[in-house]
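Trainee: Quick one: structure below, then a few questions.
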Amino acid sequence: MKKAIWGIIILLVICIGAGSLIYFNSMKPVRAAESKAVELAKKETDLYETEDFNLYHGTETYYVIEGKDHDGTSIYVWVPEKTGKIVTLKQSDGISRNEAINRLKQEKNSAEIVSVRLGMEKNIPLWEIHYRSGSDLINYYYIDFKTGEWLKKIENL
């Protein structure tokens, strides 16, 4: 009986170790992109302190950094993966994450929010809200960061 318990424990440790190794190896490209984007943003903009980092994959890939400038003002920085202009906006220049969610819920009150992230499409900063509808279908709702207006919807995937 003791051999069986030890065998299960060893197998469990091996599985946890293998899972951890796979996870950390799969995150290396994301960490490298974050490091590159933050370094570029600090060099090209007034970004002083980084608080959060997200990837946005739309028509183009953007690295979105949430942080503070040298004055302590909360800012967002959009860094294009390839070539293009880095965009920096104060967080107060647009609607907040919660305001974006509230706009979605006004229209789709039964939406189950999966994720909310900043992105950029056609040089327009936006909030992308990924949600599930009542019938458990995947939907995306895009809201202009500056104006809070609806930009586009992708529904029932």
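The values are calculated or read from the model by the stated rules, or taken from the named source; none is laboratory data. Given the structure is predicted, the values throughout are model-derived calculations rather than measurements. Heads up, the Cβs are rebuilt from the backbone with ideal geometry, glycines too, and the neighbour counts pull from every protein chain shown. Accessible surface areas use protein heavy atoms only, side chains included; no ligands, DNA or RNA. Shrake-Rupley method; radii C 1.70, N 1.55, O 1.52, S 1.80 Å.
Trainee: Among the residues of region 111-126, is there at least one that is small (Gly, Ala, Ser), over 14 Å from the mean Cα position of the chain (by Cα) and at pLDDT below 85?
Mentor: Taking region 111-126 first, the residues small (Gly, Ala, Ser) are 111, 115, 119.
Among the residues that remain, those that are also over 14 Å from the mean Cα position of the chain (by Cα) are: 111.
From the residues that got through so far, the ones that are at pLDDT below 85 too are 111.
Yes.
Trainee: I would also like to ask the following. Please pick out the residue among 106, 91 that is free of Cβ contacts under 8 Å to residues at least 12 places away in the same chain and either closer than 25 Å to residue 27 by Cα or among the polar types (S, T, N, Q) (or both). Give the steps one after another, and end with the answer.
Mentor: Working: 91 fails: free of Cβ contacts under 8 Å to residues at least 12 places away in the same chain.
From the options 106, 91, the qualifying one is 106.
Trainee: Oh, and also: Scan 47, 55, 89, 40 and give me the residue that is under 18 Å from residue 147 (Cβ atoms) and under 19 Å from the mean Cα position of the chain (by Cα). Step through it out loud before you land on a result.
Mentor: Details: 47 fails: under 18 Å from residue 147 (Cβ atoms); 55 fails: under 18 Å from residue 147 (Cβ atoms); 40 fails: under 18 Å from residue 147 (Cβ atoms).
Step by step, each of 47, 55, 89, 40 is checked, and only 89 is under 18 Å from residue 147 (Cβ atoms) and under 19 Å from the mean Cα position of the chain (by Cα).
Trainee: May I ask you to list the residues in region 77-88 that are under 14 Å from residue 126 (Cβ atoms) and at pLDDT below 95? Walk me through it before giving the result.
Mentor: Step one: filter region 77-88 for residues under 14 Å from residue 126 (Cβ atoms), giving 78, 87.
Across region 77-88, the qualifying residue is only 87.
Trainee: Has region 124-144 got any residue that is open to solvent by 50 Å² or more (accessible area, probe 1.4 Å), closer than 30 Å to residue 72 by Cα and either assigned to a loop (DSSP other than H, G, I, E, B) or touching a His at 6+ places or on another chain (Cβ under 8 Å) (or both)?
Mentor: So far as region 124-144 goes, no, none of its residues is open to solvent by 50 Å² or more (accessible area, probe 1.4 Å), closer than 30 Å to residue 72 by Cα and either assigned to a loop (DSSP other than H, G, I, E, B) or touching a His at 6+ places or on another chain (Cβ under 8 Å) (or both).
Trainee: Shifting gears a bit: Considering only region 132-157, how many residues are over 15 Å from residue 114 (Cβ atoms) and under 17 Å from the mean Cα position of the chain (by Cα)?
Mentor: Adding up the residues that qualify gives 3.
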